[in-house]
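A short worksheet on the structure shown next.
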Amino acid sequence: MEGTAARARVYVVGVALGALYCVHALPAVTAPWWAVALLAALYAGGERFSGTFYPVLLAGAFLLPPPAAALVALPGALLSPVAQRPRAIRRIWRAAQLAVAVWTASRVHWALGGRDAVVTPDFPYVLVPAGAAVIAFCLVLTVLDGGILALAERVPVRLAWRGLFVRSLAPIAVHGLAGLMMAVLWRSPYGPVAALLVLLPMCVSWWAFAQYHREQAAHQATIRALVQAVDIKDEYTRGHSERVGQASMMIARELGMNAGRIEVLRFAGILHDVGKLGVPTRLLRKDGPLTPEERRVIELHPEYGHEMVRGISFLGEARAAVLHHHERLDGSGYPYGLVGSQIPESARVVAVADAFDAMTSTRSYRRARPVATALEELERCAGSQFDPRMVTALVRALARHGWHPAVTADEERPPRPRRPVSSRPGAHR
C-alpha cells in the first residue's frame, strides 16, 4: 500500500465508516463489558506477539452482540506493529476490515439462533450457525481484501479475488472451531478460565509455525547471499543461477517428484555455480581463450562449491548436484569422470537445466539460441552427455508451460568483446 492511490484511500475511508456503523449502537447494547474487555485484551496480545488471533475474534462473534463483537477487534488492530508505510492507514484498514467481518459473523450467528445453541449447548445444531458465521467472516475478509489488492496494489480486477476465498476458508474454519470451543466452555459451568485453556495448544502450534517460517527465511537468506556473491563475481551470467533453479524445478515436477525434493532441486539449481567464488575473478572475466591450466582451475569450481555447502544440512541431495553437475553419462565429465547411474539423479537434473539456460541466454559473445534449437541440441547429446529421462522431462515441461525466464542484468547492459567458446552444451564458465 506504499504510495497509496487516492481511490484506495477513499476505499479505506469507506470501510472505516462501515466499521463505525457496526459499533454505533454500542450505547444501547446490553453486554458483559468485562468479557468484551478481556477478549479485546487477549486479541491485542495475540496480534502483537503471534499474528492475527482469529479464534478470539470468532469467540467474540459467538458470545457477544454484533456491535460489542466488532469492538473486540479494534484496540488490537489499531495498536498492532506495522512494518510497512503508511502505517496509520494500514492500521485503520486492518481494524475496519476486521470490525466489519466480526460484526457480520456475529449477525449471522445470532440470526440463526447461535446464541441459544452455545448456551445450551445444542450439539450438533450448534455447528450450523457457527459454520455460517465462519463462512460470512471469511467472505467479508475476501471481498475487502480483493478490493484493496485491486485499488492499492493495482492487481488486475479479474485476478484480485481469484482463489482468495478458497485459500482462506480452511484455516479460518479451524480458527472458528477453536472459537466455538471457547464460547461453549465460556458459557459452561467451568467459565472463562476453562475457555482460555483452548488457546494454549493453538499458541504452541503458532509458535512452532513461526519458528519454521523463521528457519525457512534464514535458509532463503543464506542462499540469496551466496547467489548474489556469485552474480557480482561473474557478472556475465547474472540471473543464470535462478533460471537453472527454475528449469530444475520444472524437470523435477515433470518426473513426479514430491514437493520436498522439488524444493531441494530448486536449491541445487540455484547453487550449482557457487564454487565460482573460489575461482580467481580474472579467469571468470578474462577476454580471450583460456589456457589449459586456466580451464583446469575453473573446472575445480564444483569441488569448491561442494566444500562451501557441505555443512548446510537443509540442502540434502542438492550438495551432490553442486559437486557432480558437470559429469557426463559417457564418463568424460568432471570432476571425477563418473559414468551413467554413478552420477546422482539430482546432478543429472541440474546438468540438463544448466546447459539449457546456457544455450538460451544471451551472452556478450553470442546471441541466445531459440528454445527449440537448444532442445534439439540436448536431445542430440542425450545418452552421451545428458540423461535422456531428464531431457525428455524438460521437453515435456516446456511444451506444457513454456519458458518464461526473468530478464537478466547482463541482457540490460551493452555487450563487450569476450573470448569465443566451444558450442558444446555446458561448455560455459
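The values are calculated or read from the model by the stated rules, or taken from the named source; none is laboratory data. Here the structure is a predicted model, which is why all the values come from computation and not from measurement. As a convention, Cβ positions derive from the backbone with ideal geometry for all residues, glycine included, and neighbour counts pool all protein chains shown. Ligands, DNA and RNA are stripped out before the accessible areas are found, and what is left, the full protein with its side chains, is counted by its heavy atoms. Shrake-Rupley method; radii C 1.70, N 1.55, O 1.52, S 1.80 Å.
Rank Val15, Val157, Val102 by mean-square fluctuation in a GNM of the chain with C-alpha springs under 10 angstrom and give only the top-ranked residue. Comparing Val15, Val157, Val102 in a Gaussian network model of the chain, the most mobile one is Val157. Karplus-based coupling profile of segment 7-15, in residue order and whole Hz: 5, 5, 5, 4, 4, 4, 4, x, 5, with θ = phi - 60° in 6.51 cos²θ - 1.76 cosθ + 1.60 and x standing for Gly or Pro.
One compactness figure for segment 136-224 is 1.49, namely its Cα radius of gyration divided by 2.2 N^0.38 Å.
When only the Cβ of Lys, Arg, Asp and Glu is charged (+1, +1, -1, -1), the dipole of the chain relative to its Cα centre reaches about 1000 debye. The ellipsoid that matches the Cα gyration tensor of segment 1-114 has semi-axes, each √(5λ) in whole angstrom, of 25, 17, 11, with the longest given first. Placing a label point 7 Å from the Cα of Val371 along the Cα-to-Cβ direction, the residues of segment 236-269 with a backbone N closer than 20 Å are 239-256, 266, 269. A 1.4 Å probe run over the protein chains yields, for segment 56-98, 32 Å² of accessible area per residue, whole-number rounding.
Scattering from segment 154-276 was approximated by placing one identical point on each alpha carbon and applying the Debye formula without solvent; log10 I(q)/I(0) at 0.23 1/Å stands at -1.17. Each principal axis of segment 284-400 carries a Cα extent, and these read 37, 36, 27 Å when sorted largest first. Of His325, His175, the order by accessible heavy-atom surface (1.4 Å probe, DNA, RNA and ligands excluded), from most exposed downward, is His175, His325. Relative to one another, the C-alpha centroids of segment 238-302 and segment 187-204 are positioned 53 Å apart. Both numbers refer to the Cα atoms of the chain; Rg and Dmax are 28.8, 89 Å. Placing unit charges on the Cβ atoms only, positive for Lys and Arg and negative for Asp and Glu, gives segment 212-331 a dipole magnitude near 240 debye about its Cα centre. With Cβ to Cβ distances under 15 Å as the rule, what net charge do the other residues near Leu323 carry (K, R +1; D, E -1)? Computed value for this residue: -3. Averaging over all projection directions, the Cα-based convex hull of segment 82-238 occupies 13.3 nm² in the image plane. The stretch between Glu307 and Leu290, if pulled fully straight at 0.36 nm per residue, gains 3.7 nm over its current Cα-Cα span. Shown are Trp161, Trp207, whose ranking by accessible area with a 1.4 Å probe and every protein chain present, most to least, is Trp207, Trp161. With the convex hull of the Cα atoms taken as the outline of segment 64-115, the averaged projected area works out to 3.4 nm². Sorting Val126, Val371, Val13 by accessible area puts them as Val13, Val371, Val126; the probe is 1.4 Å, largest comes first, and only protein heavy atoms count. Label-to-label distance for Arg85 and Ala208 is 4.0 nm, based on points extended 7 Å past Cα in the beta-carbon direction. Here segment 175-219 is treated as a sphere whose radius is the Kirkwood value from Cα pairs; by Stokes-Einstein at 20 °C and 1.002 mPa s it diffuses with a coefficient of 183 µm²/s. Largest GNM mean-square fluctuation among His272, His401, His213, using the chain with Cα springs under 10 Å: His401. Taking amide H positions as modeled 1.01 Å from N, with prolines and chain starts lacking one, the residues under 5 Å from Phe386 and 5 or more places away or on another chain are Leu329.
Using θ = phi - 60° in the Karplus curve 6.51 cos²θ - 1.76 cosθ + 1.60, the 3J(HN,Hα) couplings for segment 284-299 round to 5, 10, 5, 8, x, x, 7, 6, x, 5, 5, 5, 4, 5, 5, 6 Hz; x is entered for Gly and Pro.
Work out, step by step, the length gained on full extension between Ala132 and Tyr336: first 0.36 nm times the residue separation, then minus their alpha carbon distance; give nm to one decimal.
On the way: separation 204, 0.36 × 204 = 73.44 nm, distance 6.37 nm.
Using 0.36 nm per residue and subtracting the Cα-Cα distance, I get 67.1 nm.
Give, in nm to one decimal, the length gained when the segment between Asn258 and Arg224 is fully stretched (0.36 nm per residue of separation minus the Cα-Cα distance). Each step should come with its number before you reach the end.
Working: separation 34, 0.36 × 34 = 12.24 nm, distance 2.35 nm.
Using 0.36 nm per residue and subtracting the Cα-Cα distance, I get 9.9 nm.
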